[in-house]
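First comes the structure, then the notes that go with it.
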Amino acid sequence: MGKGIKKKLLEVNVHDLSDWDKVVADKPFGGGIGMVMRPEPILRAVADIKKSQNSRIILFGPAGKKFRQSTAKRLTDYDQIIMIAGRYEGVDERIAKHLADEVLSIGDYVLMGGDIPAMAVVETIARLIPDLIGKEEFLSERTSGSLAIEYPQYTRPAVLNPKEIVPSLVDKKSSWKVPKVLLSGNHKEIQEWRESHGRIIR
């Protein structure tokens, strides 16, 4: 990511909503515990930050649409992505209804805020930018259209005896071996093995 930013392949900016309003959250209407992020500072921030007509405003929330590899591929079409990372008990619902272009979730669980989802989305999109992760083969080898292909990876040694390395960690004396096909040098068979053992990430 750092190298990509230095090469000006992408630009990442983090903004503090308190720069637009000192009071960023208030008590929820109808009662309840916690605080809700106010819409005014978000509206002002987005108005100042938005620089492109070809932009996308994303709000994060556990009830949002599931973020997938295909979502990341779609988002690479935009010149600017504005991500609203909530805190407290959430963001005023009017932001989701009237300002955000979409609400995304990275999983069926509740986090402290939208910071981690935002970082996950930034990194997933960034690695799809040409030249960012180095040689194009690094990306093309493990992608198919808008999908990603994840298959098992191994490195040296070909035979690992865990008992010799950390005796207390493993009870069995058996060794851990790399699949023979990966040591064969037969690229066709290796590719077939990877395809049969790979998992499509949508």
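Every number here is computed from the coordinates shown, using simple stated rules; none is lab data. This structure is a prediction, so every number in the text was calculated from the model and none was measured. Methodologically, a virtual Cβ is constructed for each residue, glycine included, from the backbone with ideal geometry; neighbour enumeration extends over all protein chains shown.
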Problem set entry | Separation of the VAL181 and ASP77 label points, Cα + 7 Å toward Cβ, nm | 3.6
Exercise. Which value in nm describes the separation of the simple spin-label points at TYR151 and LYS163, placed 7 Å from the Cα toward the beta carbon?
Worked result: 3.3
Exercise. For ILE81, which sequence-distant residues (separation of 5 or more, or a different chain) have an amide H within less than 5 Å of its own amide H, given hydrogens modelled in the peptide plane?
Worked result: ARG56
Seminar exercise, completed: Residues meeting the amide H criterion for ILE201 (H placed from the backbone, H to H distance under 5 Å, 5 or more places apart or on another chain) are ALA148, ILE149, GLU150
Seminar exercise, completed: Once phi for every residue in segment 60-74 is put through the Karplus expression 6.51 cos²θ - 1.76 cosθ + 1.60 (θ = phi - 60°), the whole-Hz ³J(HN,Hα) values, with Gly and Pro written as x, are 9, x, x, 8, x, 5, 5, 6, 10, 4, 5, 5, 4, 4, 4
Problem set entry | Radius of gyration, Dmax [segment 49-98; alpha carbons; angstrom] | 12.0, 32
Seminar exercise, completed: Residues whose modelled amide H sits under 5 Å from the amide H of MET35, counting only those 5 or more places away in sequence or on another chain, are GLU89
Exercise. Which translational diffusion coefficient, to the nearest whole µm²/s, is obtained for segment 151-201 from the Stokes-Einstein equation, given a Kirkwood hydrodynamic radius over C-alpha pairs, 4 °C and 1.567 mPa s?
Worked result: 102
Exercise. What share of all Cα pairs of segment 2-126, in percent, falls into each consecutive 5 Å distance bin?
Worked result: 2, 10, 20, 24, 21, 13, 6, 3, 1, 0
Problem set entry | Cα-based shape type of segment 81-124, given that a ≥ b ≥ c are square roots of the gyration tensor eigenvalues and the cut on a/c is 1.5 | oblate
For this session: Would you kindly derive the ³J(HN,Hα) couplings of segment 111-127 from the backbone phi angles with the Karplus curve 6.51 cos²θ - 1.76 cosθ + 1.60 (θ = phi - 60°), listing them in order in whole Hz, with x for Gly and Pro?
Result: 9, 5, x, x, 4, 5, x, 4, 5, 5, 5, 4, 5, 5, 5, 4, 5
